[in-house]
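First up is the structure itself, then whatever we jot down about it.
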Amino acid sequence: MRREPKVLSVVQREQINRRHEYLSELERFRYYTLSPKKIALIQKRRGVANRLGFALQLCYLRYPGRALQPQETVPEAIAILCRCSTQCTRKRVQAICRRCIIGE
């Protein structure tokens with residue numbers, strides 16, 4: 001007899017998607033610090049916004065193991081680590097995020 005796959009409830013899906021909020025500082029560094037090889041790959045992208053977005057996608061693919069969703073808010077701790085890896089100023093990150101959310 002074949003079993004149907006179980007689908008996660010809305011609450012379970014939300015818990016999985018918010019796991020990164022409960023990581024310790026050490027775990028954040030482990031999952032969201034990029035290697036020199038990945039930083040070199042990021043630096044090949046054109047424009048600060050593209051480099052930052054690509055870095056965030058790489059980090060999200062590592063943990064929690066999925067792509068960053070459109071209009072999803074990135075936790076500040078993760079954005080700071082990616083900002084350091086892409087040599088992007090805090091003001092520039094805020095402008096990029098505001099543009100993505102508002103759709104300017």
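In table form, for the structure just shown:
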read-out: Pairs where the first residue, in the range 65-91, is more than 12 Å from ARG28 (Cβ to Cβ) and open to solvent by 30 Å² or more (accessible area, probe 1.4 Å) and the second is at pLDDT below 75 and assigned to a helix (DSSP H, G or I), C-beta under 6 Å, 6+ apart; value: ARG83/VAL93
read-out: Number of the exception - LEU34 against (1) open to solvent by less than 90 Å² (accessible area, probe 1.4 Å); (2) more than 13 Å from THR86 (Cα to Cα); value: (2)
read-out: Any chance LEU52 is open to solvent by less than 40 Å² (accessible area, probe 1.4 Å), touching a residue at least 24 places away in the same chain (Cβ under 8 Å) and over 20 Å from ILE16 (Cβ atoms); value: yes
read-out: Among (1) farther than 20 Å from ARG18 by Cα; (2) touching a helix residue (DSSP H, G or I) at 6+ places or on another chain (Cβ under 7 Å); (3) open to solvent by 30 Å² or more (accessible area, probe 1.4 Å) - the single one GLY47 does not satisfy; value: (2)
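The values are calculated or read from the model by the stated rules, or taken from the named source; none is laboratory data. Please read all numbers here as calculations on a predicted model, not as lab measurements. Backbone-built Cβ (ideal geometry, glycine too); neighbour counts: all protein chains shown. Surface areas here come from the heavy atoms of the whole protein model, side chains and all, with no ligands, DNA or RNA. Shrake-Rupley method; radii C 1.70, N 1.55, O 1.52, S 1.80 Å.
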